[in-house]
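Report on one structure; see the data block that follows.
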Amino acid sequence: MAATKTYLTGIQTSGMPHIGNYIGAIKPALAAADANTTLYFLADYHSLNSVKDPARLRQDIRSVAATWLACGLDPERTVIYRQSSIPEVFELATILASVTAKGLMNRAHAYKAARDRNEAAGVAELDAGVNMGLFNYPILMAADILVMEADVVPVGRDQVQHIEYTADIAKSFNHLYGESYAFPIPEGAYPEGEASILPGVDGRKMSKSYDNHIPIFLPESRLKKTVRRIPTDSTPVEDPKDPDTSVPFQLLAQFAAPERTADVRKRLEAGGMGWGELKNELFDVLNTLFTPMRDRYEELIAPGSDLDDILAAGADRARARSRATLAKVRTAVGID
Ligand code: TRP
């Protein structure tokens, strides 16, 4: 049997995930826990670069942790922790900075995009509004990954460059100190093709920035309204319809059991099933799946729930790894 691999990913803490995140990120990450070592953390220090409201930051962190747990993350199998609980991440970030070329950081997409926005707006100082946290983001992310000696990092395609940078930085370190200690070189695991991209209620890719998303734990009545408002054309009830160009059907296909999806497809193609009926099916599927999760979420988010103990226990387990890595790294560089 092949040795199990260590999967690690960082979860952004901004706001409640939507049902597209559930299909594209949460569900596959939970499935990876069946056969691998999994470490999933809340990237709270990364959030600090953009969130300057302490109450909101505090709430976001608990809310996102509660969401993943409510969706079925088993804290016995997956180590879930806050980035901020692991001091070794920050120690390692400093050590990694000493082997990282500034030119590499200058070429980072997020940093370059911020400069391009200033240029387009006619702002003379291209670094205006860029904090050092944004500039250093790729090094902190490399530290997140390397401190746990991760092999596989499941992330979206927008993170390809960050994973490449992590590998580059690890190789620089290994080149200098590899006789004493070498980091395993991590690989990104990216969603395959279009299969996991959900349409939003307007038919474009579901995204918070388009405001076309369905938040994962909407109360039942709001979920019903949101599904009802998905635009459809005026094909009469009795006419045959094309499921493959229908947003409610594409959403249904992601969440319903295959037999139910096949049945709905047949009824649409035959004619006699109206868009309203299709939306009722979609609402029912989503509501049945998410209601128990929503209830568990409400329990976890309440003050005094198990949530904080779960995160503290995860931090203990994560630190056993990070301490071991740092001890080796310190010896390798001569700070021991
Ligand atoms: N940058 C990632 C994102 O925006 C979040 C993240 C931070 C991360 N540190 C990480 C992901 C380490 C994987 C591994 O989604």
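What the Cα convex hull of the range 217-298 gives, in volume per residue, is 78 Å³. Averaging the Cα positions of each part gives two centres, and for the range 214-230 and the range 283-336 these lie 28 Å apart. Of the heavy-atom accessible surface of the range 217-298 (probe 1.4 angstrom), what whole percent is carbon and sulfur? Carbon and sulfur together cover 51 percent of it.
Computed about its Cα centre, the charge dipole of the range 178-328 is approximately 400 debye, with only Lys, Arg, Asp and Glu carrying charge at their Cβ. Magnitude of the charge dipole for the chain, about its Cα centre and with charges confined to Cβ atoms of Lys, Arg (+1) and Asp, Glu (-1), is about 460 debye.
When the pairs K52/K225; K102/K208; K171/K328 are compared against a 26 Å limit on Cα-Cα distance, K52/K225; K102/K208 fall above it.
Label-to-label distance, A182 versus S305, with points set 7 angstrom from Cα along the beta-carbon direction: 4.5 nm. FRET efficiency for the T291 to T331 pair, using the beta carbon distance and R₀ = 30 Å, is estimated at 0.05. Normalising the average separation of contacting C-alpha pairs (under 8 angstrom, six or more residues apart) by the number of residues puts the relative contact order of the range 217-298 at 41 percent. Normalised Debye scattering of the range 143-302 at q = 0.17 Å⁻¹ gives log10 I(q)/I(0) of -1.01, counting only Cα atoms as equal scatterers and leaving out solvent.
Taking every protein chain into account, the accessible area of the range 217-298 amounts to 53 square angstrom per residue (probe 1.4 Å).
When you restrict to C-alpha pairs under 8 Å that are six or more residues apart and normalise by the size of the chain, the relative contact order lands at 22 percent. Accessible surface of the range 18-59, 1.4 Å probe: 55 percent of it comes from carbon and sulfur atoms.
Per-residue ellipticity at 222 nm, computed for the chain from helices alone with -39500 (n - 2.57) per DSSP H run of at least four residues, works out to -16500 deg cm²/dmol. Sequence-ordered 3J(HN,Hα) estimates for the range 95-104 from the Karplus curve with 6.51, -1.76 and 1.60 and θ = phi - 60° stand at 5, 5, 4, 6, 10, 10, 6, 5, x, 4 Hz, glycine and proline given as x. To the nearest ten degrees, helix 275-301 and the longest principal axis of the Cα atoms of the chain are 40 degrees apart. Counting charges near K208 (Lys, Arg +1; Asp, Glu -1) among other residues having Cβ under 15 Å from its Cβ returns a value of -2. Rounded to the nearest whole Hz, the Karplus-based 3J(HN,Hα) values (6.51 cos²θ - 1.76 cosθ + 1.60, θ = phi - 60°) of the range 20-32 follow the sequence x, 5, 4, 6, x, 10, 5, 4, x, 5, 5, 5, 4, with x at glycine and proline. Applying both filters, DSSP loop and at most 15 other Cβ atoms within 10 Å, to the trypsin sites (Lys or Arg not before Pro) of the range 89-144 gives R107. Couplings 3J(HN,Hα) for the range 306-312, derived from phi with the Karplus relation 6.51 cos²θ - 1.76 cosθ + 1.60 (θ = phi - 60°), are 5, 3, 5, 5, 4, 5, 5 Hz, where x marks Gly and Pro. Between A120 and K266, the modelled label-to-label distance comes to 5.0 nm, taking each label 7 Å out from Cα in the direction of the beta carbon. Binning at 10 Å from 0, report for the chain what percent of all alpha-carbon pair distances ends up in each bin. Each 10 Å bin holds this share of Cα pairs: 5, 22, 29, 23, 14, 6, 1, 0. Here's how it looks for G271: its modeled amide H is under 5 Å from those of K241, which are all 5 or more places away or on a different chain. The residues of the range 94-175 expose on average 48 square angstrom of accessible surface per residue, using a 1.4 Å probe on protein heavy atoms.
The values are calculated or read from the model by the stated rules, or taken from the named source; none is laboratory data. Remember, predicted model here, so these are calculated numbers, not experimental data. So basically every Cβ, Gly included, is an ideal-geometry build from the backbone, and we count neighbours across all protein chains shown. What goes into the accessible areas is simple: the full protein's heavy atoms, side chains included, and nothing from ligands, DNA or RNA. Shrake-Rupley method; radii C 1.70, N 1.55, O 1.52, S 1.80 Å.
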